[in-house]
Structure formats: C-alpha cells, structure tokens
C-alpha cells in the first residue's frame with residue numbers, strides 16, 4: 001500500500017501586499033491581521049502571547065474595558081453622555097427663547 005505523504009499547509013496570504021510586517025519585535029513575517037503575522041495571530045487567539053493587542057477598542061472612561069459603540073465610549077457611558085447632552089440642550093432652550101411682546105390693550 002502506498003502511504004499518503006503529509007503536505008504542509010501554506011500560510012494565509014498576507015494583507016497589504018506584504019508591505020507591512022508583524023508587530024511582534026524581531027518578527028519579519030508579513031502582516032496578516034491585528035498587526036500580527038499568521039503565526040503570532042494564532043498564538044494571540046489562543047492567549048499564548050504575553051503582550052496582546054486588545055480584541056476590540058475599549059471605552060475611554062478610566063477603568064472601563066467594555067467594547068466601544070460610539071464616540072469612544074461603551075454603551076453604558078455613551079447613553080449617559082447622550083442623556084447629559086439632551087438635558088443640557090433642554091436647560092439652554094428657555095434661556096435662548098426671545099422675550100414675549102408686551103400685551104396690547
């Protein structure tokens with residue numbers, strides 16, 4: 001019987017035409033995703049890299065690590081920001097309204 005020869009899988013094609021390189025210090029492989037080459041990207045997905053890039057942008061509020069939905073804020077902080085803007089507009093609206101005309105007799 002003939003044995004099947006094992007073939008090595010090829011690395012996925014590099015993005016950016018191979019002009020960008022991996023973000024890991026000392027690695028010269030071409031960029032693939034998240035600023036990493038295919039090898040380091042797989043390690044990042046498994047949690048094997050010491051210093052990992054975040055999987056998504058995180059909220060700009062101090063101590064908050066939730067995913068960003070708008071204006072650099074998570075859903076909770078974005079809703080609070082929107083509510084504060086809405087209340088500020090309502091408070092400013094009566095002050096900006098023109099004075100009523102004097103009543104005619």
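The values are calculated or read from the model by the stated rules, or taken from the named source; none is laboratory data. Please read these numbers as outputs of a predicted model, since none were measured by experiment. All Cβ positions, even for glycine, are placed from backbone atoms using ideal geometry, and neighbour counts span all protein chains on display.
Search the stretch 45-57 for residues being modelled with pLDDT of 75 or more and surrounded by 14 or more Cβ atoms within 10 Å (Cβ to Cβ), and hand back the single one that is nearest to residue 68 (Cα to Cα). So the residue we want is 45. Of the residues making up the stretch 1-26, those that are modelled with pLDDT of 70 or more and surrounded by 14 or more Cβ atoms within 10 Å (Cβ to Cβ) number 5.
Please tell me if residue 42 is within 25 Å of the chain's Cα centre (by Cα) and modelled with pLDDT under 85.
Numbers: within 25 Å of the chain's Cα centre (by Cα): yes; modelled with pLDDT under 85: no.
Against the criterion (within 25 Å of the chain's Cα centre (by Cα) and modelled with pLDDT under 85), residue 42 does not qualify.
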